[in-house]
1. For the stretch B:66-167, how big is the tail of P(r) above 17 Å, as a whole percent of Cα pairs?
2. Rg/Rh for the stretch A:1-128: what does it come to with C-alpha atoms and Rh from Kirkwood?
3. Return a whole-number percent for the relative contact order of the stretch A:4-145, with Cα pairs under 8 Å and 6 or more residues apart as the contact set.
4. Antiparallel as a % of all DSSP beta bridges within the stretch B:207-333, to the nearest 5?
5. For the stretch A:263-333, restrict the atom set to alpha-carbon positions and state the Rg and Dmax in Å.
6. Can you give me the P(r) profile for the protein assembly as shown? Cα pairs, bins 10 angstrom wide beginning at 0, each as a whole percent.
7. Over the alpha carbons of the stretch A:293-333, what is the largest minus smallest coordinate on each principal axis, giving the biggest first in Å?
8. Could you work out how far the C-alpha centroid of the stretch B:123-147 sits from that of the stretch B:62-97, in angstrom?
2 protein chains.
Amino acid sequence: MTSAKYDVLGIGNAIFDVLVQTDEGFLAAHGMTKGGMSLIDEARAAEIYRDMGPAVEMSGGSAANTIVGLASLGARTAYIGKIKDDQIGRLYAHDIRAAGVAFGTAAAADGPATGCSYILVTPDGERTMNTYLGAAQQLTSGDIDAAEVAASSIVYLEGYLWDPKDAKDAFVKAAAIAHQAGRQVALTLSDSFCVDRYRGEFLELMRQATVDLVFANEAELHSLYETSDFDAALRQLRSDVGLGVVTRSEKGCVVASKDGVSAVPAFPVRAIVDTTGAGDLFAAGFLFGLVRGAGYEAAGRLGALAAAEVIQHIGARPQTSLKELAKANGLPV
Amino acid sequence: MTSAKYDVLGIGNAIFDVLVQTDEGFLAAHGMTKGGMSLIDEARAAEIYRDMGPAVEMSGGSAANTIVGLASLGARTAYIGKIKDDQIGRLYAHDIRAAGVAFGTAAAADGPATGCSYILVTPDGERTMNTYLGAAQQLTSGDIDAAEVAASSIVYLEGYLWDPKDAKDAFVKAAAIAHQAGRQVALTLSDSFCVDRYRGEFLELMRQATVDLVFANEAELHSLYETSDFDAALRQLRSDVGLGVVTRSEKGCVVASKDGVSAVPAFPVRAIVDTTGAGDLFAAGFLFGLVRGAGYEAAGRLGALAAAEVIQHIGARPQTSLKELAKANGLPV
C-alpha cells in the first residue's frame, strides 16, 4: 500500500441547499415529514418553492459537507459528485474547491439542472429536506477516478447514493478499488427513510464487508434493524460491521467495535439554530480523528465539536475554522 | 391624490450577494478599498471569485434590501429592478416576492447574467463589495410602471442607479411621476465613492427638489460637500433638501429638517458580524416610521433597530420579523 494522497475521498449527491426558516404549519400544509429527506420531482419542487419564504443559499450535499468539514480540520480531501455546468453548478464547484477539496468530476453539459434541496428549518432548529436530485442523477461508475480513490486512506460514501439510478454502481466500484488498494470504506446510512428504501442492500454491504465503518443516527439504526430496542440494534450493528458509530443528538455518540462499546458525550450548545449537517459534520470530526490515529474517544469528541459548531447557525457547512476550534477545545489536530 | 396602494416603491440595481468571511490580507492582495463598493467587469469578477473562499448566497441590492425590510415591518411595498431570466435571477425574483414585495419588472431574456456582488466580510464585520452589474445595466425608463409609481406614498431610489447607462432616466422619470401624483421621493447616496462619481448630479437632484428626502452616512455626507467638517456639511444638507437623515454607525443618526436637527441614538448590539445592509435597513425603519406618521424620533429608532438586527448576522436581509422585533422593543408598528 502506497502512502495516501488524500486522507478522505467522499462520494455523494452534489446538492445546492436553499434554506428557509419556517413554521410547523408550512410542513403540515405541504404534507412533509418533519426531520426527513424526501425526494421530489420538478413539479413538486416548483410547488414548494412557490410557497416558501425568502431563502439563503449555499452548497450542501451530505458527503460533501463531511468532506468540507474534514478540510476545515486540516485533512487532505477529495470529492466526487455530479453537478451540471450551470450557474448553480459553478457556485457549487467554487465552494468545494475554495474549501481546499480536490473536485474533478466532470459537470454534465446537458440534462437536468444541478440538484438542489429545499430545506425548511422550524423554530426548534429541526430541518426537513426536499431534494430534487437533478444532475446528481447522472453520476455513474465512469465518474469514479480509480487513481484518486486508490490514493485515499478512507473512501466515504453516503447511503443517499442508492437513490440515483447508476450511483450505486459508482459506490460499489469505488469500494472495490479502495479495498484492492488496502484502504478503508465508510458509509453513512443518511436518513431513516433512505434505510427503509434500501435496508436489505445496506445490510448486505455491511455483512459482505463492502464497508468497514458505518455512521448512523438512532432513527437510522432503529430503521435498519426494524426495532425500537436500542441495545438490541447496537448488538446487531456490532456483529454486522467492523466499526459502527451511532449519533444520539444531545446524548452524544456510541462507538461500537469488536473490542467493545464506548459512549462519548456531546458538546454543549448555546442554542440550536439549524440541525442541517449535524450528522455530516459529526462524521467529519470522527473521520479526522481516525485518520490522525487519535482513538475513538477523541474521534468522537472531534465529531461532537464539529456537529455543535454547525447546528448553531444556518447551513450545513462550517462558518469557522474547525481546526482552530478543535485547538481551542484541546482536541488533537 | 388618491389613496396609496403601496407605502414605498423602491427602484435599484437588482444584485445577488455572494458573501464570504475573509481577512484584511485578501483585500490588500486584491487592491480593494475596504468598506467601499467597487464596480467590476466580468474578468475582474472571475479573478476575485477564483481566489475567494466558500461563500453563502442570498438576494441583495441596496434598495431591494430596504424594501424587504419595509415589508418585514408590515409595509405595503413594490420593487423595480432588472434581473436576467437565469437561475440566479429566478432565485432573486422568488426571494423578493416571497418577502411580500410586488415585483413585476420583466426579466431580460438575453444579455449579461443577473448582477452579483462579491462581498468580503472582514473579522471586524466591515464589508467590502465588488459588484458586477450584469443585467442591472439593462434597466431603462421603459421598466418604470407609471401606475405603480403614482400609487406609492414614497418612491425610494438608490444613488447606485447612476452607474448603469440608462437607469438614471428611469430614476428621473419615476421621480417626475411621483411628484405629479403628489407623492414623495427619497434618495440614498449609496456610497461615498458613488457620491464622488456623481456629486454634481446628486446636488442638482436635491437643489431642484427632484428628491424630498436624502439618506446618507457620514462618509457620503463628507464626500458630497467635500469637507471633513460634519456640522458644516449638515448645515449645507439642511439648506439643500427638505429632509436629510445622516447615519453615524454606533453614534446613531441625525435627522435634519427645516424645523431643526435632532439626534437619535443607535441600538446596542452584542457583536457586529457583518455590516452589509446596515444603511439599507436603517432606511427601511426610518421610512416605515414616516409612512406611519410616527415622527422623526420614532422613525430614527425604527431605523436603528432594523440596522442593529441586520449587522448581527451574515447578509443584508432581515432574518427575523422586524414587525415582531419592533413590537418587542415598544416601537410603533
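Bear in mind these aren't lab numbers, they're just calculated from the coordinates by the rules spelled out. As the structure is a prediction and not an experimental result, all values here were calculated from the model. A quick note on method: Cβ atoms are made from the backbone with ideal geometry, for glycine too, and the neighbour counts reach across all protein chains shown.
1. Within the stretch B:66-167, distances greater than 17 Å cover 59 percent of Cα pairs.
2. Across the stretch A:1-128, the Cα-based Rg/Rh ratio is 1.02.
3. 37
4. 65
5. Radius of gyration, then largest Cα-Cα span, for the stretch A:263-333: 11.0, 32 Å.
6. 3, 16, 25, 23, 16, 10, 5, 2, 0
7. Taking the Cα atoms of the stretch A:293-333, the three principal extents are 30, 17, 13 Å.
8. Value for the Cα centre distance between the two parts: 11 Å.
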